[in-house]
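Novice: Supplied in structure tokens, the structure appears directly below.
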Amino acid sequence: MAHERSTAATSRPIHGNDRRRRGRHRRNIDLISSLPNEILQHIFFFIPTKLAIRTSVLSRRWRHVWSDTPSLSFENSDMLHADSINETLTRYTAPKMIKFHFKTMRNHIVPHIDMWIKFAMSRNVEDLSLTVVGILRDYKLPDIFFMNTSINQLSFMLPYSYMNPTCSVSWTSLKKLSLRYCMFSDESIAKILSGCPILESLTLYHCQNLMVLDLSKSPRLRTLEVTNKINVTGPRQIVAPHIHRLRLQNYRSPCALVDVSSLNEAQVDLFFYSNQKTFEAYLHQDNFKMLQKLQNAEKLTFGCNILQILSLAEVCGLPFPMFKIKALTLETEIFQYVIPGIERLLQNSPDLKTVNVHASNGSIIPGSYFDKCLDLQGLNPDRCWRSKDGVFWNKSRSNVESKNVASFVELMLKNTKTLDKMVVQLNERYLGFKLKEVPTLSQKNNVSIVLSTTPMACYEWCAS
């Protein structure tokens, strides 16, 4: 019976719809197959190499097209063995390589890294990305890694490997450099930078042992991003007279901005790890001096922990600089420990045109730390945090109410004279709030207000 059913199934007539569907599929395959190799290779350029190789089963003509594509991407390489990658490189025939990306969580491939680097360099690679998620303390990069005049974009992550070139660095075409979880001294980073005469963007993520980051000899550098989290100290000083954009997210140790005289845009915040020693480091005077170095920037973004530190400075009577900000972004929750700092920041920014508020759910410094600090100075915390306007602010971000949001919008309007637009993006904590006062505030203050509780729900009230 089973055989009869099978025979019946195979002999079943093909309906017209099935024929048309198969015909369209065949024509689509034929249409793609007729494309020039250059177009097929352009398509393969944007997909992982493993998928590009698999397309060879679709058409005999495609069998070797991938091997001449100027791109190799092994960015999801956890399931790939080194032998498989080596076999792919053996079959690769393109004389010039635009992109070589590799990412894996397998430490056992380390013995093969040198060979893969040499392979990419021999093809004059322009965009190189190497990422190994694991600890490689004893790995030393080959000299050839530092000698490539064609590379213009480099992203590198080999955790705790030393970036200490013993040869001259020749990255004469490099414009964008990203180093993550690396270790190097002030001298080694200076040597690397000396070989990058046209570098435009530098990212240092969780890099250790760096004390002074001197970028004064990188005249074309415009963007600097430094992110340090737990257990990473430094850089302690940044000398970057040519940069226009700075993103600085620090943990524990303050960072002195010695020279950022060309700065136009900055994003600054502090990571918090729950202990008193970390909090005391945040109160270092270099954090307040850093604020003065940002006063000429036209675009500033402050995170919640920075705003809390600024609020403490305000209630303690420390002087605030005047700012030239035209666009201000506040990544913060709405509660009493950020209000004094925000208020003073707005008052000292007479040219402000746009304010963006992004309610965040990040790790914040507990309010009890600030209360204890005020107690030690003989100050009454409740009195210090009390609003001058009689507004009772929520002490915790978890008990925020709709009236607090309305008061927050009103506070920002009250402390700005030239504001054109305010965007308040709220998270799920604020869902269901009915902010009836906002349209009235918009009309009354001649300011366009955009209120968003989710990416899909956005409400805008115009001043007209």
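The values are calculated or read from the model by the stated rules, or taken from the named source; none is laboratory data. None of the values given here were measured: they were computed from a predicted structure. All Cβ positions, even for glycine, are placed from backbone atoms using ideal geometry, and neighbour counts span all protein chains on display.
Novice: Exactly one of these conditions fails for ASN287: (1) among the polar types (S, T, N, Q); (2) crowded, with 19+ Cβ neighbours inside 10 Å; (3) at pLDDT below 90; (4) more than 23 Å from LEU224 (Cβ to Cβ). Give me its number.
Specialist: (4)
Novice: Just one of the numbered conditions (1) touching a Cys at 6+ places or on another chain (Cβ under 6 Å); (2) in contact (Cβ under 8 Å) with a residue 40 or more places away in the chain is not true of LEU158; which one?
Specialist: Here LEU158 meets the rest and fails (1).
Novice: Checking the conditions here, which among LEU246, LEU300 is under 21 Å from LEU346 (Cβ atoms), buried (at least 21 other Cβ atoms within 10 Å of the Cβ), at pLDDT 95 or above and in contact with an Asp or Glu (Cβ under 8 Å, 6 or more places away or on another chain)?
Specialist: After applying the criteria, what remains is LEU300.
Novice: Specify the residue that is surrounded by the most Cβ atoms within 10 Å (Cβ to Cβ); the eligible residues are those in the stretch 191-225 that are under 18 Å from the mean Cα position of the chain (by Cα) and closer than 19 Å to TYR162 by Cβ.
Specialist: Per the stated criteria, the residue is LEU202.
Novice: Could I ask something else about it? Residues that are more than 28 Å from PRO197 (Cβ to Cβ) and among the aliphatic types (A, V, I, L, M): find the strands (runs of 3 or more DSSP E) completely inside the stretch 73-183 holding 1 or more of those.
Specialist: In the stretch 73-183, the matching strands (runs of 3 or more DSSP E) lie at 127-132.
So that you can scan it fast, the table gives a plain yes or no per residue for (1) within 21 Å of MET290 (Cα to Cα); (2) part of a loop (DSSP other than H, G, I, E, B); (3) hydrophobic (A, V, I, L, M, F, W, C):
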| site | (1), (2), (3) |
| --- | --- |
| ILE192 | no, no, yes |
| CYS196 | no, yes, yes |
| LEU199 | no, yes, yes |
| LEU202 | yes, no, yes |
| LEU213 | yes, no, yes |
| LYS217 | no, yes, no |
| VAL226 | yes, no, yes |
| VAL232 | yes, yes, yes |
| PRO235 | yes, yes, no |
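Novice: Within the stretch 324-338, identify whether any single residue is under 27 Å from ASN427 (Cα atoms), assigned to a helix (DSSP H, G or I), within 28 Å of the chain's Cα centre (by Cα) and modelled with pLDDT of 90 or more, and answer yes or no.
Specialist: No; the residues of the stretch 324-338 include none that is under 27 Å from ASN427 (Cα atoms), assigned to a helix (DSSP H, G or I), within 28 Å of the chain's Cα centre (by Cα) and modelled with pLDDT of 90 or more.
Novice: So which residues in the stretch 55-106 are modelled with pLDDT under 70 and farther than 25 Å from LEU158 by Cα, if there are any at all?
Specialist: THR55, SER56, VAL57, LEU58, SER59, ARG60, ARG61, TRP62, ARG63
Novice: When VAL258 is evaluated against the numbered criteria (1) in a strand (DSSP E or B); (2) surrounded by fewer than 22 Cβ atoms within 10 Å (Cβ to Cβ); (3) modelled with pLDDT of 95 or more, which criterion, by number, is the only one it fails?
Specialist: Against the list (1) in a strand (DSSP E or B); (2) surrounded by fewer than 22 Cβ atoms within 10 Å (Cβ to Cβ); (3) modelled with pLDDT of 95 or more, VAL258 comes up short only on (3).
Novice: Could you check, for the stretch 372-390, whether at least one of its residues is in contact with a strand residue (DSSP E or B) (Cβ under 7 Å, 6 or more places away or on another chain) and either more than 20 Å from THR329 (Cβ to Cβ) or not small (Gly, Ala, Ser) (or both)?
Specialist: No, the stretch 372-390 has no match at all.
Novice: Spot the failing condition for PRO95; the list is (1) buried (at least 19 other Cβ atoms within 10 Å of the Cβ); (2) out of contact with any His (no Cβ under 8 Å at 6 or more places or on another chain), and only one is missed.
Specialist: Single failed check for PRO95: (1).
Novice: Tell me which of these SER368 doesn't satisfy, since it passes every other one: (1) over 31 Å from the mean Cα position of the chain (by Cα); (2) within 19 Å of LEU312 (Cβ to Cβ); (3) without any contact (Cβ under 8 Å) to a residue 12 or more places away in the chain.
Specialist: All conditions pass for SER368, except number (1).
Novice: Regarding TRP385, is this residue at pLDDT 80 or above and in contact with a Pro (Cβ under 8 Å, 6 or more places away or on another chain)?
Specialist: Against the criterion (at pLDDT 80 or above and in contact with a Pro (Cβ under 8 Å, 6 or more places away or on another chain)), TRP385 qualifies.
Novice: Of the numbered conditions (1) among the hydrophobic types (A, V, I, L, M, F, W, C); (2) more than 27 Å from the chain's Cα centre (by Cα); (3) surrounded by 16 or more Cβ atoms within 10 Å (Cβ to Cβ), PHE145 satisfies every one except a single condition; which is it?
Specialist: PHE145 satisfies every listed condition except (2).
Novice: Right, next: With respect to LEU352, is the statement that it is assigned to a loop (DSSP other than H, G, I, E, B), assigned by TED's automatic domain parsing to the domain that holds SER311 and buried (at least 19 other Cβ atoms within 10 Å of the Cβ) true?
Specialist: Yes: the conditions hold for LEU352.
Novice: Also: Counting only residues that are of a type in the set (A, V, I, L, M) and either in contact with a His (Cβ under 6 Å, 6 or more places away or on another chain) or modelled with pLDDT of 95 or more (or both), how many does the stretch 134-158 have?
Specialist: 2
Novice: Can you confirm whether the stretch 355-367 contains a residue that is modelled with pLDDT of 90 or more, crowded, with 19+ Cβ neighbours inside 10 Å and not in a loop (DSSP other than H, G, I, E, B)?
Specialist: yes
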